[in-house]
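The values are calculated or read from the model by the stated rules, or taken from the named source; none is laboratory data. Small disclaimer: the values here were computed from a predicted structure and weren't measured. Backbone-built Cβ (ideal geometry, glycine too); neighbour counts: all protein chains shown. Heavy atoms of the whole protein, side chains included, go into the accessibility calculation; ligands, DNA and RNA do not. Shrake-Rupley method; radii C 1.70, N 1.55, O 1.52, S 1.80 Å.
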Amino acid sequence: FVIVSYYTVIIAWSFSYLYFSLDLSWAGNATHFFQDTFLHTTAGPGSLGTLVKPILIGLAITWIWVYASIRKGPVSMSKVVWITVPLPVILLIIMIFRGITLEGAATGLSYFLTPDFSMLLDKDVWLAAYSQVFFSVSIGGGSMIAYGSYKARNADVTKDACIVGAADTIIA
């Protein structure tokens, strides 16, 4: 439930951000847009903000989608998985091909693929790397346990967990 609650908020943000991407609302100052215009962040945890209606609507849509996905158990979940698993990979491939066809893509790829070994001495780089590792490893926090509960008793859950973990690492 904790993992689902966390990801439903991220999906709600994604719905809202998709709407704002239609006219590139964040052009100019993305940080200001995200914190002030989009999230309406406050001065700190002691000051309550207001409900952000677009995010609230996205959250309601997401919870309805989650309910519809799990309403009939493995039967309805298996149908949802046929869409939600390949779709991000397909979209990622489309974005890669689109990105490499843009003007200046060769310069960007050269910068991306040329290592700067001096950055290995920067503690912020290591912190970002460890954060990504913990994010990727979090797949074992509950989703793999839930996944395993739907498998047959004689299924090779260890092999399946390794495949899912490897796929997560490769794509992330």
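General remarks:
- Residue that is least open to solvent (accessible area, probe 1.4 Å) [pool: residues in region 22-45 that are among the hydroxyl-bearing types (Ser, Thr, Tyr) and assigned to a helix (DSSP H, G or I)]: Thr37
- When Leu48 is tested against (1) open to solvent by 80 Å² or more (accessible area, probe 1.4 Å); (2) assigned to a helix (DSSP H, G or I), only condition (2) is not met.
- Some residue of region 121-136 being modelled with pLDDT of 90 or more, in a helix (DSSP H, G or I), over 22 Å from the mean Cα position of the chain (by Cα) and among the hydrophobic types (A, V, I, L, M, F, W, C): yes
- Single match in Tyr111, Tyr19 (criterion: at pLDDT 90 or above and either in a helix (DSSP H, G or I) or open to solvent by 50 Å² or more (accessible area, probe 1.4 Å) (or both)): Tyr111
- Residue pairs meeting the criteria (Cβ under 8 Å; at least 6 apart or on separate chains; first farther than 11 Å from Pro54 by Cα and of a type outside the set (A, V, I, L, M, F, W, C), in region 5-24; second modelled with pLDDT of 85 or more and surrounded by 11 or more Cβ atoms within 10 Å (Cβ to Cβ)): Thr8/Leu59; Thr8/Thr62; Thr8/Trp63; Thr8/Val66
- Cross-chain or 6+ apart pairs with Cβ under 6 Å, region 54-81 first and over 22 Å from Tyr150 (Cα atoms) and modelled with pLDDT of 85 or more, then assigned to a helix (DSSP H, G or I) and open to solvent by 50 Å² or more (accessible area, probe 1.4 Å): Gly58/Phe15; Thr62/Ile11
- Among residues of region 137-164, those that are within 21 Å of the chain's Cα centre (by Cα) and modelled with pLDDT of 80 or more, counted: 2
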